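Contents: one structure, followed by commentary.
Each reported figure results from applying straightforward, stated rules to the coordinates on display, with no laboratory input. In this text, all values refer to a predicted model and were calculated from it rather than measured experimentally. Here Cβ is always computed from backbone atoms with ideal geometry, including for glycine, and neighbour counts include all displayed protein chains.
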Amino acid sequence: MDNLVWKIKTFDEISTQELYSVIKARINVFVVEQDCPYPDLDDYDQKAIHLWAEIDGEVLAYCRIFDKGIKYQETSIGRVVTTEKGRGTGLGKQLINYALEVIENRLMTSEVRISAQDYLLRFYAGFGFQDTGKKYLEDNIPHTEMHRKIKEL
């Protein structure tokens, strides 16, 4: 993909335009495509490391990363999204690989807990995540808590 740029920023580092593009991508996928009205602005963005890929300011893949003790006892990845334009390009896999690198290099652990939509369980298993058996509905979408612990750093 030509002109693809990866960005990683804390909340205080994100520009207003970048924040708008990130929220637009999240709402387009989670609220509009998945027909799921939910409070996307949940007061956690300020505590996250934001990782995304964009072309000309348009976000194609995004996630937010949390240190231990914010969402779970372990570090976590959330709001993982690949927009329609980014799908089928490998950006989702790159996104998770980069997120895991950030966790290992910045947060100094490989232990990660996530809340995965059930149709993505095999996708996350490919990165070493294991089904914890904790299943639940979140915003009417089946989710499973998954855990990953590869090695101690």
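Here are the numbers for this structure:
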quantity: Set of lysines with alpha-carbon distance to residue 9 below 29 Å, sequence-local pairs under 8 removed; calculated: 24, 47, 68, 71, 85, 93, 149, 151
quantity: 3J(HN,Hα) from dihedral phi, the stretch 66-75, Karplus parametrisation 6.51/-1.76/1.60, rounded to Hz, x for glycine, proline; calculated: 10, 6, 4, x, 9, 9, 9, 4, 8, 5
quantity: Likely footprinting exposure, 124, 119, 44, fewest C-beta neighbours within 10 Å first; calculated: 119, 44, 124
quantity: Dimensionless Rg ratio for the stretch 29-96, taking C-alpha atoms and the 2.2 N^0.38 Å reference; calculated: 1.17
quantity: 222 nm mean residue ellipticity, helices alone, for the chain (DSSP H n ≥ 4; -39,500 (n - 2.57); rounded to 500); calculated: -6500 deg cm²/dmol
quantity: The chain: relative contact order as a whole-number percent, Cα under 8 Å and 6+ apart; calculated: 18 percent
quantity: The chain shape via C-alpha gyration tensor axes, a/c threshold 1.5; calculated: rounded
quantity: Gaussian network model of the chain, Cα within-10 Å springs - most flexible of 81, 32, 102; calculated: 32
quantity: Euclidean distance of C-alpha centroids, the stretch 1-39 and the stretch 57-71, integer Å; calculated: 9 Å
quantity: Net dipole in debye of the chain [+1 Lys, Arg Cβ; -1 Asp, Glu Cβ; about Cα centre; nearest 20]; calculated: 480 debye
quantity: Ratio of the Cα radius of gyration of the stretch 64-153 to 2.2 N^0.38 Å, where N counts its residues; calculated: 1.05
